[in-house]
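First the structure, in the form of structure tokens, and then the observations on it.
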Amino acid sequence: MPERRLQVHKIDNIGYGWFVSEFLTITCPHCGEDVETSFDPSESGSEFIIDCEICCRPMTVAVRVRAGEVNSVEVQAA
């Protein structure tokens, strides 16, 4: 399972709420380098496309969450 860490953010500078983003370290399917990305752990799952910070090629990241825990992470070339 990829490395994970949490970070709490203010929604705005006035302080009207907070949200948590979770960070994953994933491996680029193109160049093999590790890349850090974030997602919202309160959703049951999300799928998004990001570009590798090293080789700039796109990848699809699918994160599945169950009961607040990451159930699976899939990374594919986009």
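The values are calculated or read from the model by the stated rules, or taken from the named source; none is laboratory data. Everything numeric here is computed off the predicted structure, so don't read it as measured data. Cβ sites come from the backbone with ideal geometry, for glycine too, and all protein chains shown count toward neighbours.
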### Task
Scan (1) exposed (fewer than 14 other Cβ atoms within 10 Å of the Cβ); (2) assigned to a strand (DSSP E or B) for the single condition ILE26 breaks and write down its number.
(1)
### Message
What pairs come out if I take residues in the range 29-49 that are within 11 Å of VAL65 (Cα to Cα) and pair them with residues that are assigned to a loop (DSSP other than H, G, I, E, B) and at pLDDT below 90 whose C-beta lies under 9 Å away, six or more apart or interchain?
### Response
PRO41/GLY68; SER42/GLY68; SER46/ASP40
## Note on the structure
Condition set touching a Phe, Trp or Tyr at 6+ places or on another chain (Cβ under 8 Å) and more than 14 Å from ALA77 (Cα to Cα), scope the range 43-67, selection modelled with the lowest pLDDT: answer is SER46
### Query
Considering only residues of the range 46-73 that are of a type in the set (D, E, K, R) and under 11 Å from the mean Cα position of the chain (by Cα), which is nearest to PRO29 (Cα to Cα)?
GLU47
